[in-house]
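**Q** Sharing a structure here in structure tokens format.
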4 protein chains.
Amino acid sequence: MSLNTFGHVFRVTTWGESHGPALGATVDGCPPGVPVDEAFLQQWLDKRRPGQSKHTTQRKEPDAVKILSGVFEGKTTGTPVQLMIENTDQRSKDYGEIAQTFRPGHADITYHQKYGIRDYRGGGRSSARETAARVAAGGLARAALNELVPGLEITGYMTRMGEMEIDRARFDWETIAQNDFWMPDAEALPDWEKYLQEIRKGQNSVGAEIEVCARGVPAGLGAPIYGKLDTDLAAACMSINAVKGVEIGEGMAAARLTGTANADEIFMGEDGPEYSSNHSGGILGGISTGQDIVVRFAVKPTSSILTPRRSIRLDGSPTEVVTKGRHDPCVGIRAVPVGEAMVACVILDHLLLDRAQTGGVRGQIGP
Amino acid sequence: MSLNTFGHVFRVTTWGESHGPALGATVDGCPPGVPVDEAFLQQWLDKRRPGQSKHTTQRKEPDAVKILSGVFEGKTTGTPVQLMIENTDQRSKDYGEIAQTFRPGHADITYHQKYGIRDYRGGGRSSARETAARVAAGGLARAALNELVPGLEITGYMTRMGEMEIDRARFDWETIAQNDFWMPDAEALPDWEKYLQEIRKGQNSVGAEIEVCARGVPAGLGAPIYGKLDTDLAAACMSINAVKGVEIGEGMAAARLTGTANADEIFMGEDGPEYSSNHSGGILGGISTGQDIVVRFAVKPTSSILTPRRSIRLDGSPTEVVTKGRHDPCVGIRAVPVGEAMVACVILDHLLLDRAQTGGVRGQIGP
Amino acid sequence: MSLNTFGHVFRVTTWGESHGPALGATVDGCPPGVPVDEAFLQQWLDKRRPGQSKHTTQRKEPDAVKILSGVFEGKTTGTPVQLMIENTDQRSKDYGEIAQTFRPGHADITYHQKYGIRDYRGGGRSSARETAARVAAGGLARAALNELVPGLEITGYMTRMGEMEIDRARFDWETIAQNDFWMPDAEALPDWEKYLQEIRKGQNSVGAEIEVCARGVPAGLGAPIYGKLDTDLAAACMSINAVKGVEIGEGMAAARLTGTANADEIFMGEDGPEYSSNHSGGILGGISTGQDIVVRFAVKPTSSILTPRRSIRLDGSPTEVVTKGRHDPCVGIRAVPVGEAMVACVILDHLLLDRAQTGGVRGQIGP
Amino acid sequence: MSLNTFGHVFRVTTWGESHGPALGATVDGCPPGVPVDEAFLQQWLDKRRPGQSKHTTQRKEPDAVKILSGVFEGKTTGTPVQLMIENTDQRSKDYGEIAQTFRPGHADITYHQKYGIRDYRGGGRSSARETAARVAAGGLARAALNELVPGLEITGYMTRMGEMEIDRARFDWETIAQNDFWMPDAEALPDWEKYLQEIRKGQNSVGAEIEVCARGVPAGLGAPIYGKLDTDLAAACMSINAVKGVEIGEGMAAARLTGTANADEIFMGEDGPEYSSNHSGGILGGISTGQDIVVRFAVKPTSSILTPRRSIRLDGSPTEVVTKGRHDPCVGIRAVPVGEAMVACVILDHLLLDRAQTGGVRGQIGP
């Protein structure tokens, strides 16, 4: 009940510290018979892997995932799947000062206050390295979704980085995979690159906004009242390191709208109900409508910067912290595949959950 | 596993439909020995109760809460507490049309698609009436918190209603309870009243932004990685009807900031660590810092408006929906006590959870 | 997390004390579209109801169950079902002595030690009255099973009462409902009646062994490793008041057998695999085989007897306890419908759980 | 929700197959600051390890446990502890026949029926090898209990093996660790050895009864109604491979007793309440009394015997199965440390759970 698990049916428990021998995900509840292998999972890990571009940390980790259980002859068996990633780039170094100092904006101080002990090497459990395990589990979720809902696509992309924002009129799905920012607006790309270089030169960091869109999700997924689809998506995204806000559809902007402006009117299409707009982000009353599921979250700028910040030591004495070393000027970039992984896990989870209660039967609409 | 329960240790299961005989909350895991009676709970229900001001629905429900179990001689016994609220204002009427029509922006269509059956009277289970049960449970959480953390205060207030926004420079705690909007900016009050009257006259509705602040929360609460304090707060708020976005501290604005601007520097105060600012909203790495916990959420404008909206019937035929009757032009007003209740439940839950794992022991800082 | 809930998907939370205003069961996760009404549930409550025969307590409780939510127009909607039973026979009396005294063999002392407070009226939460709520929930489980697995039958019966034991050679399904003991051996009946009368005259009580057999359960239900079908059945039965042992199939006797004697050989029948015997009680590796599920549990003799027993008071002083009033000489009799209810809940739960993970798909055997 | 997890607060998820690369336990919710290392855990694994005596399987597995996370500088940190055991003795062999055949009394057939796919090598997930992971987790639970409840002792021993039974008058705690059976009756030892040799020579196997006694457990642990201490102990033991019955205190024999014979009278001792006897097995109303906790379970004889048994193949055709190779004539012997591990986990879990709800406060008895 220390809650390192998420999901109701497709249950993912991540374990491991940044500088321990390994980390991973124990996944229980995966449907049997799903084709999957290490290569399939690795492609998502490679997307998140550090050292890929000049914009991310230069820490070199192959992040090679191993399947230790639950897969037999290329298919899941319905038993727990253990996904392990060994840590290889654990540079030996003097942790003397870090062990005694609380970095501002980090979990150093709260872990110490809560547990009275912490693995201070690289942030220990609170390190963003933990998200590698999420991405591995998300890969498994994608493999299962491929079987259960052919055609479903889950795509994440950046919509804002500090003062840079995409122009939705130029949104292009193809562009996303073609740049280092997972960004859908090709025209804005040069400005983004220049902006981030300045941030880096300024020994600073910057926040980001990521959107994840799930297309092809069937209507009827979600478990009101407290396991609503949007509730679980909000929890999944907020649980990612450094995330401070989550939105579904209109999100916080809904507070500014009137009922007439916000209404998604309903029409009868050929294959079922259709909507005039998607202010709801594809979810009504906690249940999917069949429209695109649209989730957005904000990642704060990392506090690991070269500019000195005031803090205290374990003994209460004042100090200044400068974070040298291998850090991302915009951690939001690598949060894109993590957000996708979380959304994949939640959608699979609700698909399985829905089978439990309704058997997948659906109320018909139409003549 | 239809997930009508929230909380890990302090577990609240709400039940009941808008127009059934009763609704309520089954609360399991409340600490024993907590002084509580119906009058204590009723004060919070009265705050949420409809028909209180000209700005809320005129449905008359006394919303009188009864304690059916778990309290003996004025104190909780540690056994489940059943909190029941009988529905009294169930006007008999012709549901013929409503039964066949899906109101836009409502859960009518998704409940039908998921379950193949729905209690269409007043929205059934998806009605905001369900939040009365949350408020009752929140009252019990407050009673327990009063015992366990004297001095802790949880206060909700509106920060935005459509185009109206508070001026934080004029924020006044005392003002909040003195107006119909639970709003902290007395000077803006006349404008807000005028604005909402226009919305109502325009047969429209409007969204709102609510902030809940918890003061006096001890450091060390939260259960990384997936039951982080902010994760559970996000889930709790997102589970409230009509909520589309949740923020902690800087929230979505964190995406716009640089690391230097966002840093909360740390100092040693007389009673422990103090911070130069609270961009984090009182939570680092999913664990409370001891600062104010600041949560914000956006409530969409209700779709129950007098302006006609296009929709379909069960048989797929097109129709127009006009929602007559007793609806709030700004449902966000009554969401204030609901948000407070959810925050109270989450904080109590994490207080109990923390006792389980750490026994409440804390890492010391200082000489 | 005070764990007044059982079940994974079909989740039953019971609440209420023996002498409070009401008790009941909050059932979450029931499939939608299941036909059910109060009369259907009442038949099972009537089976358990006190005052039915000379062998059970003469406390008069109509035990009328009310459905407060989750059922609309005669069918479940998939939302929580609240089943409430009001307490009517709460005789006012002087609780002065009971409030200060711990009855031997009762939970008085452990509830006091754990919680520091207890509702001493009639045993409060630890009273066997709580099982009325289980029986109501079990009725709902039966209604759902009737829809999902036509032909499935769950029948409980006594196999032992103190020194009296049934002769399995005379086992007759029809006899069970025709006697006050729910006993399948008509020839032994006069001896059982005489025996229990002597127990009663001797101001004593006696234990019992109950068996519950579920016929028509499909193969493939169960969730290894820790939610095995037998694991959950054992937990469900052990959670019933006064139960001290649980057996599946051969049960404790398996310790005496050799591998050759215990083997259930497998044959190919017309409709699938068949077995030469059922030592396993219908469960292999935690998963149902399609054979009869056979569960047995022992109920200890109630400590509420007229023969004085030594005990202590709250202040530690010695005392003697004689339990006057309305108690059963063999509480095991009324445990029969309770055992049936628990088995019904577990089987439904695993049926729904299995749909979640496998979608109900089954591995084929045969050409 | 495939339920490979047990425990409420101290949550153990085991993973891995008999012949996969590794198996292990992911333990979440361990208190921080508990001293533990691999050597401490290894002692319990060595107790269970095969090939230790002539009475157990000669499969050679070092069963060396590795701690991959959650322990830093010799103490737990409160984050998940990953305990991994690599499989080394995976003899390559032809699985052709085993892959097509269902061994009687094994989970081969039910796993196939449920999942449609199974890892047939060595029983896959249903192999008793999975219990190595339980024993590792149990070692961690013991380490935590050593810190939290000094003096608590958990000891398992065999009380029956087929026709052999201990004489309780000769019960000696010291004897238990001094023989291959973990048996407390030294005088009976030669007979037991001779008996098991005959079973083995007869190409047969035999069942066993194991008792686990926990001494020094404080009063007040247990979470009525469905997470009772006895309920969770029953579930924990029934979840062990091949277990068919579980008893607390008098167990099934309670069905034979009268109320006067079964009563545990209460006295006031120097340190609190004492009891004249322990028919209850240390648990009343699901809560510990402070007496010895006594749990007993029966292990069926393994079906892996050299005597041919009739069965079927995947295609439905009849066959005969003879299990050659490295199997235990009495698997109950190696179930002793497994039973201890499960009891250790349950007691720690309830200790933590109790802290959550009551904060560990206790109702006083005495002047």
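**Q** Taking A:Ala136, is it touching a residue at least 12 places away in the same chain (Cβ under 8 Å), in contact with a Cys (Cβ under 6 Å, 6 or more places away or on another chain) and not in a strand (DSSP E or B)?
**A** Values: touching a residue at least 12 places away in the same chain (Cβ under 8 Å): yes; in contact with a Cys (Cβ under 6 Å, 6 or more places away or on another chain): no; not in a strand (DSSP E or B): yes.
So A:Ala136 fails the test.
**Q** I would also like to ask the following. Any idea which of A:Pro104, A:Pro184 is touching a strand residue (DSSP E or B) at 6+ places or on another chain (Cβ under 6 Å), buried (at least 16 other Cβ atoms within 10 Å of the Cβ), over 29 Å from A:Leu353 (Cα atoms) and modelled with pLDDT under 95?
**A** Numbers: A:Pro184 fails: modelled with pLDDT under 95.
After applying the criteria, what remains is A:Pro104.
**Q** Scanning segment B:23-34 for residues that are part of a loop (DSSP other than H, G, I, E, B) and at the interface with chain C (Cβ under 7 Å from one of its Cβ atoms), which turns out surrounded by the fewest Cβ atoms within 10 Å (Cβ to Cβ)?
**A** Looking at the filtered set, the residue picked out is B:Gly33.
**Q** For residues in segment A:265-284 being under 27 Å from the mean Cα position of the chain (by Cα), buried (at least 18 other Cβ atoms within 10 Å of the Cβ) and more than 15 Å from A:Ala234 (Cβ to Cβ), which is nearest to the other protein chains (Cβ to nearest Cβ)? Spell out the reasoning first.
**A** Filtering segment A:265-284 down to residues under 27 Å from the mean Cα position of the chain (by Cα) leaves A:277-284.
Next, from what is left, pick out any that are buried (at least 18 other Cβ atoms within 10 Å of the Cβ): A:279-284.
If we keep only those that are more than 15 Å from A:Ala234 (Cβ to Cβ) too, we end up with A:279, A:284.
Values: A:His279: 8, A:Leu284: 5 Å.
Filtering segment A:265-284 for residues that are under 27 Å from the mean Cα position of the chain (by Cα), buried (at least 18 other Cβ atoms within 10 Å of the Cβ) and more than 15 Å from A:Ala234 (Cβ to Cβ), the one nearest to the other protein chains (Cβ to nearest Cβ) comes out as A:Leu284.
**Q** Next up: Which is polar (S, T, N, Q) and surrounded by fewer than 24 Cβ atoms within 10 Å (Cβ to Cβ), of D:Gln197, D:Gln113?
**A** Within the list D:Gln197, D:Gln113, the selection yields D:Gln197.
**Q** Take D:Asp119 and decide whether it is out of contact with any Pro (no Cβ under 9 Å at 6 or more places or on another chain), without any contact (Cβ under 8 Å) to a residue 60 or more places away in the chain and either within 14 Å of another protein chain (Cβ to nearest Cβ) or of a type in the set (Asp, Glu) (or both).
**A** So D:Asp119 does not fit the description; no.
**Q** Out of all the residues in segment D:200-229, which are buried (at least 24 other Cβ atoms within 10 Å of the Cβ) and part of a helix (DSSP H, G or I)?
**A** Result: D:Leu229, single match.
**Q** Could you list, in sequence order, the residues of segment C:144-160 that are surrounded by 22 or more Cβ atoms within 10 Å (Cβ to Cβ) and either hydrophobic (A, V, I, L, M, F, W, C) or assigned to a helix (DSSP H, G or I) (or both)?
**A** C:Ala144, C:Leu145, C:Ile154, C:Met158
**Q** For the list (1) under 21 Å from A:Arg118 (Cα atoms); (2) crowded, with 24+ Cβ neighbours inside 10 Å; (3) away from every other protein chain (no Cβ under 13 Å), I need the number of the one condition that D:Asp37 fails.
**A** Against the list (1) under 21 Å from A:Arg118 (Cα atoms); (2) crowded, with 24+ Cβ neighbours inside 10 Å; (3) away from every other protein chain (no Cβ under 13 Å), D:Asp37 comes up short only on (2).
**Q** Oh, and also: Looking only at segment D:256-268, decide whether some residue is part of a loop (DSSP other than H, G, I, E, B), over 24 Å from C:Met164 (Cα atoms), without any contact (Cβ under 8 Å) to a residue 40 or more places away in the chain and not charged (D, E, K, R). Give the derivation first.
**A** So the first thing to find is which residues in segment D:256-268 are part of a loop (DSSP other than H, G, I, E, B), and the list is D:257, D:263-265.
Narrowing further to those that are over 24 Å from C:Met164 (Cα atoms): D:265.
If we keep only those that are without any contact (Cβ under 8 Å) to a residue 40 or more places away in the chain too, we end up with D:265.
This time we only want the ones that are not charged (D, E, K, R), so: none.
Checking segment D:256-268: not a single residue is part of a loop (DSSP other than H, G, I, E, B), over 24 Å from C:Met164 (Cα atoms), without any contact (Cβ under 8 Å) to a residue 40 or more places away in the chain and not charged (D, E, K, R).
**Q** Within segment A:345-356, is even one residue surrounded by 24 or more Cβ atoms within 10 Å (Cβ to Cβ), facing chain B (nearest Cβ under 10 Å) and among the charged types (D, E, K, R)?
**A** Yes, segment A:345-356 has at least one match.
**Q** Another one. Kindly evaluate B:Thr76 against the criterion of being among the hydroxyl-bearing types (Ser, Thr, Tyr) and either out of contact with any Gly (no Cβ under 9 Å at 6 or more places or on another chain) or more than 22 Å from B:Glu340 (Cβ to Cβ) (or both).
**A** So B:Thr76 does not fit the description; no.
**Q** Go through segment C:167-199 residue by residue and tally those that are of a type outside the set (A, V, I, L, M, F, W, C) and in a helix (DSSP H, G or I).
**A** Number of matching residues: 13.
**Q** Yes or no: B:Gly332 surrounded by 24 or more Cβ atoms within 10 Å (Cβ to Cβ), in contact (Cβ under 8 Å) with a residue 12 or more places away in the chain and either more than 7 Å from every other protein chain (Cβ to nearest Cβ) or touching a helix residue (DSSP H, G or I) at 6+ places or on another chain (Cβ under 8 Å) (or both)?
**A** Yes: the conditions hold for B:Gly332.
**Q** Continuing with the same structure: Which numbered condition trips up C:Val27, out of (1) without any contact (Cβ under 8 Å) to a residue 24 or more places away in the chain; (2) touching a Pro at 6+ places or on another chain (Cβ under 7 Å); (3) β-branched (Val, Ile, Thr)?
**A** (1)
**Q** I'd like the residue in segment C:1-22 that is within 17 Å of the chain's Cα centre (by Cα) and either touching a residue at least 60 places away in the same chain (Cβ under 8 Å) or more than 8 Å from chain D (Cβ to nearest Cβ) (or both) and, out of all such residues, is nearest to C:Thr76 (Cα to Cα).
**A** C:Phe10
**Q** Take the residues of segment B:321-358 that are of a type outside the set (A, V, I, L, M, F, W, C) and touching a Lys or Arg at 6+ places or on another chain (Cβ under 6 Å): which is nearest to B:Ile248 (Cα to Cα)?
**A** Selected residue: B:Pro337.
**Q** For residues that are touching a strand residue (DSSP E or B) at 6+ places or on another chain (Cβ under 6 Å) and over 24 Å from B:Thr358 (Cβ atoms), tally how many sit in segment D:25-41.
**A** 1
**Q** If you take the residues in segment D:177-234 that are aromatic (Phe, Trp, Tyr) and in contact with a helix residue (DSSP H, G or I) (Cβ under 7 Å, 6 or more places away or on another chain), which one is farthest from D:His8 (Cα to Cα)?
**A** D:Phe181
**Q** Those residues that are facing chain B (nearest Cβ under 7 Å) and within 29 Å of A:Cys237 (Cβ to Cβ), I need them from segment A:300-329; list them, please.
**A** The answer is A:Lys300, A:Pro301, A:Thr302, A:Ser303, A:Ile305, A:Thr307, A:Arg309, A:Ser311.
**Q** Kindly indicate whether any position in segment B:252-264 is more than 7 Å from chain A (Cβ to nearest Cβ) and touching a strand residue (DSSP E or B) at 6+ places or on another chain (Cβ under 7 Å).
**A** no
**Q** Here are some conditions: (1) at the interface with chain B (Cβ under 7 Å from one of its Cβ atoms); (2) crowded, with 24+ Cβ neighbours inside 10 Å; (3) of a type in the set (D, E, K, R). A:Asp232 meets all but one. Which one does it not meet?
**A** Among (1) at the interface with chain B (Cβ under 7 Å from one of its Cβ atoms); (2) crowded, with 24+ Cβ neighbours inside 10 Å; (3) of a type in the set (D, E, K, R), the lone unmet condition for A:Asp232 is (1).
**Q** Considering only segment A:59-75, state which residues are of a type outside the set (D, E, K, R) and more than 8 Å from every other protein chain (Cβ to nearest Cβ).
**A** Hits for segment A:59-75 are A:Pro62, A:Ala64, A:Val65, A:Ile67, A:Val71, A:Gly74.
**Q** Now, a different point. Could you check B:Val294 against (1) outside any helix (DSSP H, G or I); (2) crowded, with 24+ Cβ neighbours inside 10 Å; (3) in contact with a Cys (Cβ under 8 Å, 6 or more places away or on another chain) and say which number it fails?
**A** Going through the list (1) outside any helix (DSSP H, G or I); (2) crowded, with 24+ Cβ neighbours inside 10 Å; (3) in contact with a Cys (Cβ under 8 Å, 6 or more places away or on another chain), B:Val294 breaks only (2).
The values are calculated or read from the model by the stated rules, or taken from the named source; none is laboratory data. These figures come from a predicted structure and were not determined experimentally. So basically every Cβ, Gly included, is an ideal-geometry build from the backbone, and we count neighbours across all protein chains shown.
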